[in-house]
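Quick note: the coordinates plus some simple rules give every number you see, no bench work behind them. Bear in mind the structure is a predicted one, so any value in this text is a computation, not a measurement. A quick note on method: Cβ atoms are made from the backbone with ideal geometry, for glycine too, and the neighbour counts reach across all protein chains shown.
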Amino acid sequence: MSTSKRELDPRAVDVSVSADTLSVDLADGRSVSVPLAWFPRLLHAKVSQRKKWRLIGDGRGIHWPEIDEDLSVEGLLRGRAEPRSSKRAS
């Protein structure tokens, strides 16, 4: 008996940003959605700036030129939020 593994293709093909969610559609049919709060630059950007994204690295990343934000599809799939500031409260 032979079985075939479905090829996973973690490249973005489409991106949408709502008031509170970043959603990315992948080439293999999967979709990933994460809270916009994970990415403060996107969260605080104007709606018009959030709409102006482009795929980079053959879909392995997403770039928003007006706010200088880059996210990797791999990081989104791992569920990684943007690192917090390392400053401690005094």
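Scaling the Cα radius of gyration of the stretch 12-78 by the globular reference 2.2 N^0.38 Å produces a ratio of 0.99. Note that the stretch 58-74 has calculated 3J(HN,Hα) couplings of 6, x, 7, x, 10, 10, 10, x, 6, 10, 6, 10, 10, 10, 9, 5, 4 Hz, one per residue in order, obtained from phi through the Karplus relation 6.51 cos²θ - 1.76 cosθ + 1.60 (θ = phi - 60°); glycine and proline are x. In terms of other Cβ atoms within 10 Å, Glu74, Glu69, Glu7, Glu82 run from fewest to most in the order Glu7, Glu74, Glu82, Glu69.
In this simple spin-label approximation, Ser31 and Ser72 carry label points 7 Å from Cα along the Cα→Cβ vector, and these lie 2.5 nm apart. Here the 3J(HN,Hα) profile of the stretch 33-46, calculated from phi with Karplus coefficients 6.51, -1.76 and 1.60 at θ = phi - 60°, is 10, 9, x, 5, 4, 5, 10, x, 4, 5, 4, 8, 6, 5 Hz, Gly and Pro shown as x.
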